[in-house]
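The values are calculated or read from the model by the stated rules, or taken from the named source; none is laboratory data. Given the structure is predicted, the values throughout are model-derived calculations rather than measurements. For neighbour counting, all protein chains shown are included, and Cβ atoms are generated from backbone atoms with ideal geometry for every residue, glycine included. With ligands, DNA and RNA removed, areas are computed over all heavy atoms of the protein, side chains included. Shrake-Rupley method; radii C 1.70, N 1.55, O 1.52, S 1.80 Å.
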Amino acid sequence: MTARPVLPGMTLTPEHARQLEALVKTLSPDEALWISGYLASFARHAVQAVPSPVRPALLILYGSETGHGAGLARLAEKKAAARGLAVRNMAMDDFRLQEFHEVGQLLVIASTHGDGDPPPAAVDFYDLVMGRKAPRLEGLKFAVLGLGDSTYERFCQTGKDLDQRLEALGAQRIQGRADCDVDYEAKADAWLDEVLEQFAREVPAQAAAAAPPSLLVQDAQFDAHHPFAATVMENLILNGRGSEKETRHIELSLAGSGLAWEPGDSLGVLPENDPALVAELLAALDLRPDEPLAQEDGEIPLAEALTRRYEITALTPGFIGAYGEAAAAEPLGALAAPGKQADLRQYMAGRQVIDVVTEFPARGLDGKAFAAMLRKMQPRLYSLASSAAAYPEEAHLTVAVVRYHSHGRKRQGLASAYLADRVGSDGKVPVYVSSNKNFRLPADDSVPLIMVGAGTGVAPFRAFLQERQARGAKGRNWLFFGDRRFRTDFLYQVEWQRFLKDGLLTRMDVAFSRDQAEKVYVQHRLLEKGKEVFAWLEEGACLYVCGDASHMAPDVHRALAAIVVREGGMDAEAAEEYLKRLHKERRYQRDVY
């Protein structure tokens, strides 16, 4: 008799085991030996008591823009599995209505995009829950973790909305909502432990012990907490002489890192503050640079901590309140009072931490107390401008360097100036890969692409085209690119021309806003080519938009809706439904910042 594998999911009750033991006596010695081996294996796993009723599964549902929510969902999945919970981990854009009927416990991790909006990947789920078609959820137990940025007035609004709405739909809140700022790790970790203990207590011990193991995604070797030190190979200015802009092309070596990515992913950069600004801040506060400051990995000098561990530029309401109290500064206390959000935003606009500490000196403040008022340093994400298929073990970035004057001071962007000015040739930059599964090339290389990018928003499309060239993809490719001036700001012009000559780039339309009296942007070029754009979409093209979330992306969306109305013969509502359908089919994807 030839042994055969046990069927997946097969179980053997004690009664079945007894029947098989009786059967063994009727078999030949070889057959009996084979059956006995299986019985010994089954005995180790047989249920020794009447199994408990199948308990509700825990669903971890996350809506993430930068990857923080997805990372917390993976952490929560591990913690839940360690407590014996049967757990599933799912992105909001993969959620379907029937999922509500298959779970009894729901953990929501909801990021807020900008000033109160759900991130693009969570819009459909948000609309479902908040809309009239949302189902009643009696019997569902839930908890919500919100992620946001307290510099925005509608801090963690998406999490707040979902938390209130789930309760209104009849679900039972098992733990109070947590609203986490950009420095979220410690608070989120502690809250997850509390809420998962609550969920675990809802589950009978016997059933929890029998819970099937979760299939966990393995963590990358390098992440935001353990970045890889990438070597700078190139640091070039892309703009021509006379441009008002400074855009850098930066090439980093990832050799030996084992990091993998796909076109559409981002590279997280852990920047450092300007040492000159650190020194000025220490002098203004009369703090010693070598004052020891305790960190998770041991004590380090205060100057080093302010350089690499804390944000010392961006102001937050929390800093204004804490520092105002420490400095006994009544004006700051008044700004931090409830109902003063508009005045607080006006005061913070264009100011940094150094402005506050010089305007309102605090005497006797030590380094530990000051650092406690600051946010932890947060990574900056840059769309990868290269394909690993074209440039193995290299990461190319397109960086707009921020420099400006405000309140009598020269200012500069934290990460962009760090990359442009303070990391020299062969210097090391701490990096990791941030996956973005909501900005992906289609698996079918014959599908046409329409790509719309302004300024540095063209970066991922350079990677897209390199990848399609490496694959030998036959699908047509149409690029819309916009910037200020043709002569000085045509980023990667030579490469686009080569792609056009090779036939990889089927079409390219450009918009240079300052080359004529009336400004022309990419949305205007889309409208001009509306008939062809709609024809491509009707033929199955995938549409990608990358750029500014405040103006460019909404303007492009309005132009697309107008094209669908005009060329598709639809009214405004039907046009929006058309674009929403493209989004659900992953044929309309946006990477906005």
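Scanning segment 200-240 for residues being in contact with a helix residue (DSSP H, G or I) (Cβ under 7 Å, 6 or more places away or on another chain), more than 26 Å from residue 266 (Cβ to Cβ) and either at pLDDT below 95 or among the hydroxyl-bearing types (Ser, Thr, Tyr) (or both) gives a total of 4. For beta carbons closer than 6 Å, sequence separation of 6+ or different chains, a first residue in segment 339-358 that is in contact (Cβ under 8 Å) with a residue 60 or more places away in the chain and a second that is open to solvent by less than 30 Å² (accessible area, probe 1.4 Å) and β-branched (Val, Ile, Thr), the qualifying pairs are 353/312. Only one entry of 330, 394 meets the criterion of being open to solvent by less than 60 Å² (accessible area, probe 1.4 Å) and among the acidic types (Asp, Glu), and that entry is 394.
Against the conditions (1) within 14 Å of residue 60 (Cα to Cα); (2) surrounded by fewer than 20 Cβ atoms within 10 Å (Cβ to Cβ); (3) without any contact (Cβ under 8 Å) to a residue 40 or more places away in the chain, residue 165 satisfies every one except (1).
Yes/no per residue for (1) open to solvent by 50 Å² or more (accessible area, probe 1.4 Å); (2) touching a Gly at 6+ places or on another chain (Cβ under 6 Å); (3) not hydrophobic (A, V, I, L, M, F, W, C):
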{"site": "84", "(1), (2), (3)": "no, no, yes"}
{"site": "96", "(1), (2), (3)": "yes, no, yes"}
{"site": "101", "(1), (2), (3)": "yes, no, yes"}
{"site": "113", "(1), (2), (3)": "no, no, yes"}
{"site": "119", "(1), (2), (3)": "no, yes, yes"}
{"site": "140", "(1), (2), (3)": "no, no, no"}
{"site": "151", "(1), (2), (3)": "no, no, yes"}
{"site": "156", "(1), (2), (3)": "no, yes, no"}
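For segment 257-279, state whether one or more residues are touching a helix residue (DSSP H, G or I) at 6+ places or on another chain (Cβ under 7 Å), closer than 30 Å to residue 388 by Cβ and either surrounded by fewer than 19 Cβ atoms within 10 Å (Cβ to Cβ) or among the charged types (D, E, K, R) (or both). Yes, the conditions are met somewhere in segment 257-279. Output yes when any residue across segment 356-366 is open to solvent by less than 50 Å² (accessible area, probe 1.4 Å), among the β-branched types (Val, Ile, Thr) and farther than 30 Å from residue 257 by Cβ, and no when none is. Yes: one or more hits. What do you reckon, is residue 107 of a type in the set (A, V, I, L, M, F, W, C) and open to solvent by less than 50 Å² (accessible area, probe 1.4 Å)? Taking the combined requirement at face value, the residue satisfies it.
Going by the conditions given, is residue 315 closer than 28 Å to residue 148 by Cβ, touching a residue at least 60 places away in the same chain (Cβ under 8 Å), buried (at least 20 other Cβ atoms within 10 Å of the Cβ) and aliphatic (A, V, I, L, M)? Can you show your working first?
Values: closer than 28 Å to residue 148 by Cβ: yes; touching a residue at least 60 places away in the same chain (Cβ under 8 Å): yes; buried (at least 20 other Cβ atoms within 10 Å of the Cβ): yes; aliphatic (A, V, I, L, M): yes.
It is true that residue 315 is closer than 28 Å to residue 148 by Cβ, touching a residue at least 60 places away in the same chain (Cβ under 8 Å), buried (at least 20 other Cβ atoms within 10 Å of the Cβ) and aliphatic (A, V, I, L, M).
Selection within segment 367-391: residues that are out of contact with any Asp or Glu (no Cβ under 7 Å at 6 or more places or on another chain) and more than 30 Å from residue 248 (Cα to Cα). The member of this set that is surrounded by the fewest Cβ atoms within 10 Å (Cβ to Cβ) is 372.
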